[in-house]
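Q: Here it is, the structure, as structure tokens.
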Amino acid sequence: VGTTEPALKLLLTVLAGYPLALIHRKYFYGKDASLQHLFFIASGLSMGFWNYGRDMFHCVFTTFFTYCTLFILKGTNISVAITFIFNLGYLLIGYYYASTDSYDINWTMPQCILTLRLIGVAYDLYDGHQPVETLSKDSKKIALQKRPSLLEMFGHTFFPASFLVGPQFPMKRYQEFVAGQYSDQPNTINAAIKRFRLGVLYLVAYHFLGVLVSDDLFVSDEFGNRNFFMRMILMGVWGRYTLCKYISCWLLTEGACILFGLAHNGKDENGEVKWNGLENIKISIFENTTEFGHYIQSFNVNTNQWVAQYIYKRLKFLGNRLISQSAALIFLAVWHGLHSGYYVCFFFEFIVMYMERDIKSIVRSNDVLSTFFDSPQIQSPLRFILRIYTFVFMGWCLLPFGLLHFDWYWKAFGNASYVGVILFVLYPLVYAPLLRLV
């Protein structure tokens, strides 16, 4: 089928979430909680073992270590610190010994998901031991007053529809789901089918776009010899090709989570149940981006929410939003791995968001510019230009993320044009002060 064995096994494992959800609905939903935990543990571990063999020991060990930490130290700040340092450190050691020169499909992939999940449990238990009035609105919803049991920890960890590629969800959601608090027998089939179809559509798009572009293209002389506008278009196409890989996986796993009933998100104004509680990609926003902020709002939503909840907002005491944002992006880069491309990519994200915020502030503060850009005649051409801008520059920003190694993405930037790199690097030092002066 034109793919590697690890990638094919991972895809089949993601699809296995659907029959497992049907089995759970028929035989386990609403039954004894311990029985459900054991079903999730057995199915999740089996899928993990099929993909990664004995390397699943790493996931089992880190989960058990975290449980022991919370059992002994309970919801204290020390338990949070130990859980944070241990799990992130374990992941980084895993990256050091297991990573290769390309994007790896090995045990560090589920360990990456698990690291956030376990740290989140420690934070939620800590919040559950704090005065309620000191917690944020979001923290109040997911705080844990009682330490999860060993079965709950492992069931949450190895939940079969999210264990290998996400999405993230808090322990509180898992406990409510197992307790049957969302509905007696969830009618989720139609909602699950919709996300499944979208997932298949993006998977097909990924394979078709792969005919036009590839990672190797940008380091080839063929790409460097093309005219400037064709290089920019191909860069945008490659960016969408790269993102389709993640989007297809997220949509397929979300569909399985919906079928289980885990994605329950209350009811809308018409009294209909919403099944978007684990939505990791907001398609309508993603496909209509006119600024990079839209990508952040729509792409990898659950991970972004996790970072906002447990990193960004926890640094509020610093009193500086820029520092908090920088720390959140540095954490994301470290969490992804040790390759320099991750750090350059998130640096680019920081600069782009910084630039867009400056430009919007300047436009809002200038009556002439505000009137000009708000005029109906300018809206359509402006929207077209902004769509092209986000399409091309997303590919540009993703080059280090996709190529990983400095030699590769630096050559790719050289083939495209070093002008963009110069713009990114010099913007905070030169262009931003000039914009403010004007």
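To keep it simple, each residue is scored yes or no on (1) open to solvent by 10 Å² or more (accessible area, probe 1.4 Å); (2) basic (Lys, Arg); (3) under 14 Å from residue 399 (Cα atoms); (4) not in a helix (DSSP H, G or I).
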| site | (1), (2), (3), (4) |
| --- | --- |
| 208 | yes, no, no, no |
| 217 | yes, no, yes, no |
| 247 | no, no, no, no |
| 252 | no, no, no, no |
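Q: For the range 159-204, name all the residues that are in the same structural domain as residue 35 (by the TED database) and closer than 17 Å to residue 11 by Cα.
A: Answer for the range 159-204, where residues must be in the same structural domain as residue 35 (by the TED database) and closer than 17 Å to residue 11 by Cα: 159, 160, 161, 162, 163, 164, 165, 166, 167.
Q: Considering every residue within the range 271-289, establish whether at least one is more than 25 Å from residue 104 (Cβ to Cβ), modelled with pLDDT under 85 and touching a Ser or Thr at 6+ places or on another chain (Cβ under 9 Å).
A: Yes, the range 271-289 contains a residue that is more than 25 Å from residue 104 (Cβ to Cβ), modelled with pLDDT under 85 and touching a Ser or Thr at 6+ places or on another chain (Cβ under 9 Å).
Q: Are any residues in the range 273-285 buried (at least 19 other Cβ atoms within 10 Å of the Cβ) and among the polar types (S, T, N, Q), and if so, which ones?
A: 280
Q: Quick one: residue 138 ticks every box in (1) part of a helix (DSSP H, G or I); (2) among the acidic types (Asp, Glu); (3) touching a His at 6+ places or on another chain (Cβ under 9 Å) except a single one, so which number is it?
A: (3)
Residue-wise test of (1) open to solvent by 10 Å² or more (accessible area, probe 1.4 Å); (2) under 30 Å from residue 407 (Cβ atoms); (3) without any contact (Cβ under 8 Å) to a residue 12 or more places away in the chain; (4) of a type in the set (Val, Ile, Thr).
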| residue | (1), (2), (3), (4) |
| --- | --- |
| 261 | no, no, no, no |
| 270 | yes, no, yes, no |
| 287 | yes, no, yes, no |
| 331 | yes, yes, no, no |
| 352 | no, yes, no, yes |
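Q: Another question, if that's okay. Do we have any residue at all in the range 394-410 that's assigned to a loop (DSSP other than H, G, I, E, B) and surrounded by 13 or more Cβ atoms within 10 Å (Cβ to Cβ)?
A: Looking for residues that are assigned to a loop (DSSP other than H, G, I, E, B) and surrounded by 13 or more Cβ atoms within 10 Å (Cβ to Cβ), one finds at least one in the range 394-410, hence yes.
Q: Next up: Go through the range 157-204 and give me each residue that's open to solvent by less than 30 Å² (accessible area, probe 1.4 Å), outside any loop (DSSP other than H, G, I, E, B) and in contact with a Ser or Thr (Cβ under 8 Å, 6 or more places away or on another chain).
A: 157, 199, 202, listed by residue number.
Q: For residue 7, are the conditions met, namely being open to solvent by 10 Å² or more (accessible area, probe 1.4 Å) and modelled with pLDDT under 95?
A: Yes.
Q: What's the total number of residues in the range 227-258 that are over 21 Å from residue 24 (Cβ atoms) and of a type in the set (Gly, Ala, Ser)?
A: The total comes to 3.
Yes/no per residue for (1) touching a Pro at 6+ places or on another chain (Cβ under 7 Å); (2) at pLDDT 95 or above; (3) of a type in the set (Ser, Thr, Tyr); (4) farther than 20 Å from residue 307 by Cα:
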{"position": "83", "(1), (2), (3), (4)": "no, yes, yes, no"}
{"position": "86", "(1), (2), (3), (4)": "no, yes, no, no"}
{"position": "97", "(1), (2), (3), (4)": "no, no, yes, yes"}
{"position": "106", "(1), (2), (3), (4)": "no, no, no, yes"}
{"position": "115", "(1), (2), (3), (4)": "no, yes, yes, no"}
{"position": "120", "(1), (2), (3), (4)": "yes, yes, no, no"}
{"position": "129", "(1), (2), (3), (4)": "no, no, no, yes"}
{"position": "134", "(1), (2), (3), (4)": "no, no, yes, no"}
{"position": "146", "(1), (2), (3), (4)": "no, no, no, yes"}
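Q: Return the residue satisfying two criteria in turn: it lies in the range 232-245 and is open to solvent by less than 30 Å² (accessible area, probe 1.4 Å) and of a type outside the set (A, V, I, L, M, F, W, C), and of such residues it is farthest from residue 19 (Cα to Cα).
A: Result: 236.
Q: Another question, if that's okay. In the range 411-429, which residue that is open to solvent by less than 20 Å² (accessible area, probe 1.4 Å) and among the aliphatic types (A, V, I, L, M) is modelled with the highest pLDDT?
A: Looking at residues that are open to solvent by less than 20 Å² (accessible area, probe 1.4 Å) and among the aliphatic types (A, V, I, L, M), I get 412.
Q: Looking at the structure I just gave you, is residue 38 under 23 Å from the mean Cα position of the chain (by Cα) and in contact (Cβ under 8 Å) with a residue 60 or more places away in the chain?
A: Spelling it out, it is not the case that residue 38 is under 23 Å from the mean Cα position of the chain (by Cα) and in contact (Cβ under 8 Å) with a residue 60 or more places away in the chain.
Q: Considering only residues that are touching a helix residue (DSSP H, G or I) at 6+ places or on another chain (Cβ under 7 Å), open to solvent by less than 90 Å² (accessible area, probe 1.4 Å) and either assigned to a loop (DSSP other than H, G, I, E, B) or closer than 30 Å to residue 228 by Cβ (or both), which ones fall in the range 365-392?
A: Across the range 365-392, the qualifying residues are 369, 373, 378, 382, 390, 391, 392.
A quick yes/no check of all residues on (1) under 23 Å from the mean Cα position of the chain (by Cα); (2) under 30 Å from residue 234 (Cα atoms); (3) among the aromatic types (Phe, Trp, Tyr):
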| position | (1), (2), (3) |
| --- | --- |
| 363 | no, no, no |
| 366 | no, no, no |
| 369 | no, no, no |
| 380 | no, yes, no |
| 384 | no, yes, yes |
| 391 | yes, yes, yes |
| 397 | yes, yes, no |
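The values are calculated or read from the model by the stated rules, or taken from the named source; none is laboratory data. Computed from a prediction, not measured in an experiment: that's the story for all the values here. FYI the Cβ positions are ideal-geometry reconstructions off the backbone, even for glycines, and counts take in every protein chain you see. Protein only, heavy atoms only, side chains kept; ligands, DNA and RNA dropped before computing areas. Shrake-Rupley method; radii C 1.70, N 1.55, O 1.52, S 1.80 Å.
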